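The values are calculated or read from the model by the stated rules, or taken from the named source; none is laboratory data. As the structure is a prediction and not an experimental result, all values here were calculated from the model. Cβ sites come from the backbone with ideal geometry, for glycine too, and all protein chains shown count toward neighbours. Quick note on the areas: whole protein, heavy atoms, side chains included, nothing else; ligands and nucleic acids left out. Shrake-Rupley method; radii C 1.70, N 1.55, O 1.52, S 1.80 Å.
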Amino acid sequence: MKHRTGSEHSRGEALAELHGSLNRRYRPEDVAELVLQALAGRLSGRERNLLARAARHSSRGWFTSLPDDYARPVGGARQVAAAARLFGVRADVDPDDPESLRAYAGTAGRMIGWRPGRSDFLADRLNREAREAAGMDLSKRQYNRRFRMLRRIEEKAGTLETEQDKRRLLLIGVTGFGASIPLERFVADPDAACFVAYYTARRKLRREFSLSGRDNPFDEIAEVLLRRCGDDADWWMIAQVRAMPDVLHRLTDGERGRLLGQWSAVMRQAARFLGRRWRPATDRTSMVVRRGDDSSTWNTLAGAYNAARAGWLACLASLDALELLDASCPGKAMRLMAADLAAWHRSTGGDIDPATRVWAALPPPWEVLDGTASCTRADVEATCRTAGLDPEKSGWTAPTPTRRVAVFRPTPELVHGVAVADPVWAALLRRAGVFSGRPVRPDLAPDALHGLRAGVVTGDLPPAVEAD
């Protein structure tokens, strides 16, 4: 067996960690440090200097208040352990797999005549005569305990499945299909792999509490890494995270068709979830969060839907098939906006985003995609012009135009979108609930809270804020 050298081992470990980062939330600086290891000895002086400039701000080995992962759904291990003790059945089950949980509940349920989907405590329980006829030597109390336990497992399986779908859509919204790239394919092309890891890290950057919008995730480092990918690169893998003309033209028609199908499937799934989450009480003309709105879930689903729609449009354009929009052109989905951000926008003389007016005037995308409502390209174009938007340049009827390459800047420490200079302060302020809409002190007025936000940005923290 051939042994690898130390540098080869380091490169292999770096590539493996870069692959793991696709399913997590590494900062671009942390990814840049890993890229330097993965491509050691293969970079030009300019490439190495550019990556080193970013890697100097890496948090690897240092403290940052920002978590490096997205929240993961909690499996059903606790419920399975309780059921195993109660039924005396060996827990041969994967507690993180909803189908495995349902299968386990069905197996254990046969002992008390319980069947999946029959968990209504009033309508589906067996009475004493039925239990005796089935040969059960259980008291009513013991039977009820087991029935409730199986119902909890079934409910947990449903909740787990929903949360896993939401996390998958969250990742698709910010990384495309990067999290689904197999490790073997990823490490087979280090240059393409490093671009994919860095570019997706840039796409995962958190939103800042700002009116200026987000930077283009395709920055100068991403540009340099993409240029390293030649004709023999794995462009299909790159297209999983960057459905743009500079990548799509490298694919075959068959590959572009497959990618179109992938984006179409995600768009329809996200639209279905949006339809289930939509609350008629929400004002479509403003999209400001109201009491009872689950803005986090809505914005996650809207982000996934819009990303899928953008990828779908890009693939249609690459196949010269945008005429299909003449028959059906589902619109974008607007995110819910925090009331204080909307107020800030109005205070600066701003108005409702024209895109929100378009969204409010068109049928909801979930109704268009399920055939309940009709929305053609002509409808979208007319609505955009009424709102003062160019339907193509704004991404409503064509892929969004390519933006200028961004200049790299270090990732700021954020607390609910507000930049904080010191990561230790950021951790303390997050614990204290500052910027979450709940003042730390009951007597801290909204104006004072807004002033606190401004003070943190400038580094001038008032002494009245306590961490405990």
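Inside segment 8-37, can you point out the residues that are in contact (Cβ under 8 Å) with a residue 40 or more places away in the chain and hydrophobic (A, V, I, L, M, F, W, C)? Result: 15, 16, 18, 22, 31, 32, 34, 35. Quick one: in segment 234-268, which of the residues that are under 17 Å from the mean Cα position of the chain (by Cα) and assigned to a helix (DSSP H, G or I) is farthest from residue 177 (Cα to Cα)? Across segment 234-268, the extreme among qualifying residues is 268.
Tally up the residues in segment 274-301 that are out of contact with any Asp or Glu (no Cβ under 9 Å at 6 or more places or on another chain) and touching a residue at least 60 places away in the same chain (Cβ under 8 Å), please. Steps first, answer last, please.
Here is the first cut: in segment 274-301, the residues out of contact with any Asp or Glu (no Cβ under 9 Å at 6 or more places or on another chain) are 274, 276, 278, 280, 283-286, 288-289, 291-301.
If we keep only those that are touching a residue at least 60 places away in the same chain (Cβ under 8 Å) as well, we get 274, 278, 284-286, 297, 300-301.
Summing the residues that are out of contact with any Asp or Glu (no Cβ under 9 Å at 6 or more places or on another chain) and touching a residue at least 60 places away in the same chain (Cβ under 8 Å) in segment 274-301 gives 8.
Residues in segment 360-392 that are part of a helix (DSSP H, G or I), touching a helix residue (DSSP H, G or I) at 6+ places or on another chain (Cβ under 7 Å) and β-branched (Val, Ile, Thr): 383 alone.
Hey, any hits in segment 258-270 for a residue that's at pLDDT 95 or above and of a type in the set (Val, Ile, Thr)? Scanning segment 258-270 turns up at least one residue that is at pLDDT 95 or above and of a type in the set (Val, Ile, Thr).
Looking only at residues in segment 196-228 that are modelled with pLDDT of 80 or more and touching a Lys or Arg at 6+ places or on another chain (Cβ under 7 Å), the one that is nearest to residue 296 (Cα to Cα) is 204.
Being under 17 Å from residue 222 (Cα atoms) and open to solvent by 20 Å² or more (accessible area, probe 1.4 Å) is the requirement here; does residue 42 meet it? For residue 42, the condition - under 17 Å from residue 222 (Cα atoms) and open to solvent by 20 Å² or more (accessible area, probe 1.4 Å) - is met.
Residue check: residue 328 meets all listed conditions (1) open to solvent by 30 Å² or more (accessible area, probe 1.4 Å); (2) of a type in the set (Gly, Ala, Ser); (3) in contact with a helix residue (DSSP H, G or I) (Cβ under 7 Å, 6 or more places away or on another chain); (4) within 23 Å of residue 242 (Cβ to Cβ) but one, namely (4).
With segment 52-158 as the region, which helices (runs of 4 or more DSSP H) entirely inside it contain at least 3 residues that are modelled with pLDDT of 90 or more, under 30 Å from residue 179 (Cα atoms) and not acidic (Asp, Glu)?
Where helices (runs of 4 or more DSSP H) fall fully within segment 52-158 and carry at least 3 residues being modelled with pLDDT of 90 or more, under 30 Å from residue 179 (Cα atoms) and not acidic (Asp, Glu), they are 77-87, 98-109.
Take residue 263 and decide whether it is free of Cβ contacts under 8 Å to residues at least 40 places away in the same chain, aromatic (Phe, Trp, Tyr) and either touching a Ser or Thr at 6+ places or on another chain (Cβ under 8 Å) or closer than 30 Å to residue 361 by Cβ (or both). Considered against the rule, which asks whether it is free of Cβ contacts under 8 Å to residues at least 40 places away in the same chain, aromatic (Phe, Trp, Tyr) and either touching a Ser or Thr at 6+ places or on another chain (Cβ under 8 Å) or closer than 30 Å to residue 361 by Cβ (or both), residue 263 comes out as no.
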